[in-house]
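Chemist: Structure provided below as C-alpha cells; questions to follow.
The values are calculated or read from the model by the stated rules, or taken from the named source; none is laboratory data. All figures in this text were calculated on a predicted structure; none of them were measured in a lab. Here the Cβ is made from the backbone with ideal geometry for all residues, glycine too, and neighbour counts use every protein chain on show. Only protein heavy atoms, including side chains, enter the accessible area calculation; ligands, DNA and RNA are left aside. Shrake-Rupley method; radii C 1.70, N 1.55, O 1.52, S 1.80 Å.
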Amino acid sequence: MTNRKQEPASASESKSGKSRHIIFEKKLPVQHWIQYMLWNLGLMLLACGILTYFTLQLSYGNLNSVIRFGYFDNPWIPVFNLLITFTLCVFLFALTGRAWLGYLLTAIICFGITLANYYLISLRGNPLFFRDLPYLQAALSGSDEFKVSRLIIDAITISVLCSIALAFLSCWRPRLSFYYVIWFVISGALFVGSLWLTTLKPVNELTEYYKWIEPTNSTEVYVSRGVLYSFSQSVFDNSDMPSVYSDQ
C-alpha cells in the first residue's frame with residue numbers, strides 16, 4: 001500500500017481558490033465577497049475614526065484649546081465629521097480599488113484642509129472656506145515660518161502607519177464590471193450626500209454646541225463643529241463673495 005505525500009492544507013486551499021484566510025488574501029473568491037467587503041469597510045472605518053480624531057484636535061488652530069472639549073461633549077460632532085471622512089474613503093476605495101490607497105488619499109485631502117485652516121487661523125484669524133481655495137497661497141504667504149507641532153507630527157505619522165496597516169490587512173482587488181461601476185456610483189452618491197447633510201437645519205441643530213466658545217465670534221462658531229463639517233458646508237455656500245488676501 002503506497003502512501004501519497006499530501007500537500008499542506010493551506011497550499012491545497014490556495015490552489016483551489018478557497019482559502020479561509022482573510023488577512024493578506026488579495027484575490028476575491030466570488031462566494032465570499034460580502035465577508036471581504038465588510039472586512040475592508042470595517043478596517044477603513046477604524047482608520048477613518050483615528051483620522052477624524054486628529055482633524056478635530058487640529059480644527060481650532062491657535063484658538064482657546066478648551067474648544068476641543070465640545071467635540072466630544074456633543075457626540076453628533078464626531079459622528080458627522082466621521083461620516084464625511086468615511087464616505088470619502090469609501091469613494092476613493094471604489095475609485096482606486098485599494099483600501100490603503102483610498103485611505104491615504106483621504107488622509108491627504110482631510111489633513112490638507114485641516115492644516116490649511118489651522119495655519120490660516122494662526123496667521124489671519126480667519127477659518128478656511130471653500131471659496132477661499134483659489135486665494136489660499138496668498139493668504140498663507142504672510143509668514144515664512146510655519147510651526148509644526150507635536151500633534152501634527154503624530155497625526156501624519158499615525159495616518160501613514162494606518163495606510164501601511166491597511167496595505168497588509170485589507171483584501172480584494174476588484175475587477176471592472178457592471179457591478180463595480182454600480183458600487184462606484186453609489187459610493188460617490190453617499191459622499192456627496194454626506195456633504196449635503198451639513199446644509200440641513202436639523203443636522204446643524206444636532207451639531208450646535210456653544211458651551212466652550214464665544215457665540216459672537218464667527219471663527220469659533222465655525223470651528224465648533226469641526227473643520228471638515230464646516231468646510232463641507234461652505235461648499236454649498238454662495239452667499240458671500242470670495243475673500244481676497246494680500247501679503248499685508
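Chemist: Here is a list of conditions, (1) closer than 18 Å to E220 by Cβ; (2) surrounded by 21 or more Cβ atoms within 10 Å (Cβ to Cβ); (3) of a type outside the set (D, E, K, R), and I67 meets all of them except one; can you say which number that is?
Modeler: The one condition I67 does not meet is (2).
Chemist: Taking region 199-235 on its own, how many of its residues are in a loop (DSSP other than H, G, I, E, B), in contact with a Phe, Trp or Tyr (Cβ under 7 Å, 6 or more places away or on another chain), more than 21 Å from R124 (Cα to Cα) and not aromatic (F, W, Y)? Break it down stepwise before answering.
Modeler: To start, the set of residues in region 199-235 that are in a loop (DSSP other than H, G, I, E, B) comprises 199-200, 207-217, 224-226.
Next, only the ones that are in contact with a Phe, Trp or Tyr (Cβ under 7 Å, 6 or more places away or on another chain) stay: 199, 207, 212, 224, 226.
If we keep only those that are more than 21 Å from R124 (Cα to Cα) too, we end up with 199, 207, 212.
From what is left, the residues that are not aromatic (F, W, Y) are 199, 207.
Going through region 199-235 one residue at a time, the tally reaches 2.
Chemist: Please find, within region 70-85, the residue that is least open to solvent (accessible area, probe 1.4 Å) out of those that are within 16 Å of the chain's Cα centre (by Cα) and free of Cβ contacts under 8 Å to residues at least 60 places away in the same chain. Don't jump to the end; show me each part of the working.
Modeler: Here is the first cut: in region 70-85, the ones within 16 Å of the chain's Cα centre (by Cα) are 77-85.
Next, only the ones that are free of Cβ contacts under 8 Å to residues at least 60 places away in the same chain stay: 79, 82.
Working: V79: 72, L82: 47 Å².
It comes out as L82.
Chemist: Looking at region 120-130, which of its residues are assigned to a helix (DSSP H, G or I), over 20 Å from V235 (Cβ atoms) and in contact (Cβ under 8 Å) with a residue 24 or more places away in the chain?
Modeler: Taking region 120-130 as the starting set, the residues that turn out to be assigned to a helix (DSSP H, G or I) are 120-124, 130.
Applying the additional criterion that residues be over 20 Å from V235 (Cβ atoms) yields 122-124.
Once the filter is applied, which keeps residues that are assigned to a helix (DSSP H, G or I), over 20 Å from V235 (Cβ atoms) and in contact (Cβ under 8 Å) with a residue 24 or more places away in the chain, region 120-130 yields S122, R124.
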